[in-house]
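Notes follow the structure.
The values are calculated or read from the model by the stated rules, or taken from the named source; none is laboratory data. Computed from a prediction, not measured in an experiment: that's the story for all the values here. Cβ placement follows ideal geometry from the backbone for every residue including glycine, while neighbour counts extend to all protein chains displayed. Protein only, heavy atoms only, side chains kept; ligands, DNA and RNA dropped before computing areas. Shrake-Rupley method; radii C 1.70, N 1.55, O 1.52, S 1.80 Å.
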Amino acid sequence: MRVLVDGDIVAYRAAYSTEGETAETAKEKADELMDNIAFDTTTRGEELEVFLTGKGNFRYDLSPTYKANRKDTPRPEHLGLVREHLVKEWDAVVSSGQEADDLIAIRATELAYDCTIVSTDKDFKQIPCRHYNPNKGEWASVGEFEGTMFFYSQIVMGDRVDNIEGIHGIGPVKAKRLLSECTTEQELYDKVLGAYDNDEERVLTNARLLWLRRKEEDVWYPPNQR
């Protein structure tokens, strides 16, 4: 089974944890994190595939405020060096015009979801496969409709981390209650659209910001428009 690694979380963790130390220490920390992931998730013959976010992101064209809350956040001093190290020593693939998350979701789809995604990012809960959180050492398995349900929950909740505004006052508990009786994607969409007072444009924008691509140039459409 292939193991798809969110290299962004590895790079940031290695760089932040070695702030003020030498560049060599930062690279060693990255190797340590990757070795731990390999030990926890692979058996003989299995390979890690590592992905990093590069330049450009189509989501900025959808919303000028996307991740605008992060623009003044300082980057750790060794982040660039660690990223280069992951490319050189771990064959990391760098995205262009989209995020590493999209590359991982596309690759997972190519593998018919017979894979493990390694990340701490909750957004991957929309992908129906095995998941491993390396910070907590926790495994999870997401089913197909479960992943779809999570995606629609995100649409109504928004995502504060990425500066995506949802419906005020709706968090995980209320979102779960709102969608609990839905059994098809069309029912999920209708329920979410109603929660937004039938504001289709806002629902579409949020969905396209939150959707992880399943193929190159993938654009999300409501279920009745596919």
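Solvent-accessible surface of the chain, taken per residue with a 1.4 Å probe and all protein chains present: 54 Å². Annotation: the antiparallel percentage among DSSP beta bridges lying fully within the chain is about 30. For the range 95-116, backbone nitrogen atoms closer than 11 Å to the point 7 Å from residue 47 Cα along Cα-to-C-beta are found at no residue. Only Cα pairs under 8 Å and 6+ residues apart enter the sum, and on that basis the relative contact order of the range 1-154 stands at 28 percent. Could you give P(r) for the chain, binned at 5 Å from zero, as whole percent values over all Cα-Cα pairs? Computed distribution, short to long bins: 1, 6, 13, 18, 18, 17, 12, 8, 5, 2, 0.
For the chain, the longest principal axis of the C-alpha atoms and the axis of helix 79-90 are separated by about 80°.
Note on the range 39-164: Cα-only Rg and Dmax are 15.6, 45 Å.
Taking amide H as placed 1.01 Å from N in the peptide plane, the amide H of residue 117 sits under 5 Å from that of 4, 130, 131, 132, each at least 5 places away or on another chain.
At 222 nm, what value in deg cm²/dmol follows for the chain if DSSP H runs of at least 4 each add -39500 (n - 2.57) and the sum is divided by all its residues, to the nearest 500? Calculated at 222 nm, the ellipticity per residue is -13500 deg cm²/dmol. To the nearest ten degrees, helix 200-210 and the longest principal axis of the Cα atoms of the chain are 20 degrees apart. If you take the Cα centroid of the range 1-57 and the Cα centroid of the range 65-96, the two points sit 12 Å apart. Carbon-plus-sulfur fraction of the accessible area of the chain, 1.4 Å probe, in percent? After summing per-atom areas, the C and S share lands at 48 percent. Taking the average, over residues, of other Cβ atoms within 10 Å as the packing measure, peptides 9-22, 159-172 rank 9-22, 159-172 from highest down. For the range 116-226, the Kirkwood hydrodynamic radius from C-alpha pairs, put into Stokes-Einstein at 37 °C and a viscosity of 0.692 mPa s, yields a diffusion coefficient of 225 µm² per second.
Helix 185-195 and the long axis of the chain differ in direction by around 70°, with both axes built from C-alpha atoms.
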